[in-house]
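**Q** Questions regarding the structure given below will be posed in turn.
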Amino acid sequence: MKSKKDKIIDAAVDLFAEKGFSNTSTAEIATLSGVAQGTLFYHFTQKEGILYEVLNQILQHTITGYKDICQHGKNGLECVEALLRSENLVVEQHSKKVTVLIRDMTDDVHQPGTKGFALIDSYLKYKIDLLSQFIRKGIADTSIRPVAVEETAWFLDAAFYGVMHIKLYKHLPTPPLDEHAIRFCIDGLRPNPNLT
């Protein structure tokens, strides 16, 4: 059975996805979640707190997916690919939440000093460090050609964010890009790139 807090989050995400954050009232969230408005404010002092919690949950799911990536004797290139696939899986499993975050939290995560910025900044430092470790490992084990490590890690993150953004938010008539983007990135890192 779901906790009241989880019911509030689920109801809020459904309403935010349908109506947008600004057009959704806390009364509507409370009604849809089946809790009193006071209960909502007990868990979240303001409506923005729900978005922060959703962001935190998505980031924790993503980090949890990263935990065991480089186990079991994988080379550096396989670790990079596993990270990209893990992140893609979280986006697929939580697409409504990620869509709401992209659309409704964009300004907050770009403003230094905000909670959203702090969460994203901490997550990105962790992810870029992990990607950089995997790239260095790949260069050392020769599964990845010599590249500028940190710049390549940031490029991989930006490329995947762009694909995710198009997939979830732009509603453009594009073919599925996930697998193509993964293959393109991985092939581009190989010692003898074979881009197809």
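The values are calculated or read from the model by the stated rules, or taken from the named source; none is laboratory data. Just so it is clear, the structure is predicted and the values come from calculations on it, not from any experiment. Cβ atoms come from the backbone with ideal geometry, glycine included; neighbour counts cover every protein chain shown.
**Q** Could you pull out the residue among Ile166, Ile102, Ile128, Ile144 that is in a helix (DSSP H, G or I) and touching a residue at least 40 places away in the same chain (Cβ under 8 Å)?
**A** Numbers: Ile166 fails: touching a residue at least 40 places away in the same chain (Cβ under 8 Å); Ile128 fails: touching a residue at least 40 places away in the same chain (Cβ under 8 Å); Ile144 fails: in a helix (DSSP H, G or I).
Going through Ile166, Ile102, Ile128, Ile144 in turn, the sole match is Ile102.
**Q** Right, Ile29: part of a helix (DSSP H, G or I) and either touching a strand residue (DSSP E or B) at 6+ places or on another chain (Cβ under 7 Å) or farther than 20 Å from Glu87 by Cα (or both) or not?
**A** Numbers: part of a helix (DSSP H, G or I): yes; either touching a strand residue (DSSP E or B) at 6+ places or on another chain (Cβ under 7 Å) or farther than 20 Å from Glu87 by Cα (or both): yes.
Yes, satisfied.
**Q** What number goes with the only condition from (1) of a type in the set (D, E, K, R); (2) within 19 Å of Ala158 (Cα to Cα); (3) at pLDDT below 90 that Asp68 does not pass?
**A** (2)
**Q** Among the candidates Gly138, Gly113, which residue alone is of a type in the set (Gly, Ala, Ser) and assigned to a helix (DSSP H, G or I)? Steps first, answer last, please.
**A** Numbers: Gly113 fails: assigned to a helix (DSSP H, G or I).
Answer to the check: Gly138.
**Q** If you don't mind, another one. Please pick out the residue among Ser3, Ser22, Ser86 that is among the hydroxyl-bearing types (Ser, Thr, Tyr) and touching a Gly at 6+ places or on another chain (Cβ under 6 Å). Spell out how you get there, then give the answer.
**A** On the way: Ser3 fails: touching a Gly at 6+ places or on another chain (Cβ under 6 Å); Ser22 fails: touching a Gly at 6+ places or on another chain (Cβ under 6 Å).
Among Ser3, Ser22, Ser86, only Ser86 is among the hydroxyl-bearing types (Ser, Thr, Tyr) and touching a Gly at 6+ places or on another chain (Cβ under 6 Å).
**Q** Let me ask something else. What tally of residues in the range 1-26 results from selecting those that are of a type in the set (A, V, I, L, M), modelled with pLDDT of 90 or more and over 13 Å from Phe44 (Cα atoms)?
**A** Of all residues in the range 1-26, those of a type in the set (A, V, I, L, M) come to 1, 8-9, 11-13, 15, 17.
If we keep only those that are modelled with pLDDT of 90 or more as well, we get 8-9, 11-13, 15.
Applying the additional criterion that residues be over 13 Å from Phe44 (Cα atoms) yields 11, 13, 15.
Result for the range 1-26: 3.
**Q** Could you run through the range 59-91 and say how many residues are under 30 Å from Lys19 (Cα atoms) and touching a residue at least 60 places away in the same chain (Cβ under 8 Å)? I'd like the intermediate steps shown before the answer.
**A** At the first step, the residues of the range 59-91 found to be under 30 Å from Lys19 (Cα atoms) are 59-63, 86-91.
Those left that are additionally touching a residue at least 60 places away in the same chain (Cβ under 8 Å): 59, 62-63, 87-88, 91.
Final tally of qualifying residues: 6.
**Q** Among the residues of the range 140-174, which ones are surrounded by 18 or more Cβ atoms within 10 Å (Cβ to Cβ) and more than 24 Å from His94 (Cβ to Cβ)?
**A** Within the range 140-174, the subset surrounded by 18 or more Cβ atoms within 10 Å (Cβ to Cβ) is 143-144, 149, 152-153, 156, 160, 163-164, 167-168.
Passing the criteria: Ser143, Ile144, Val149, Thr152.
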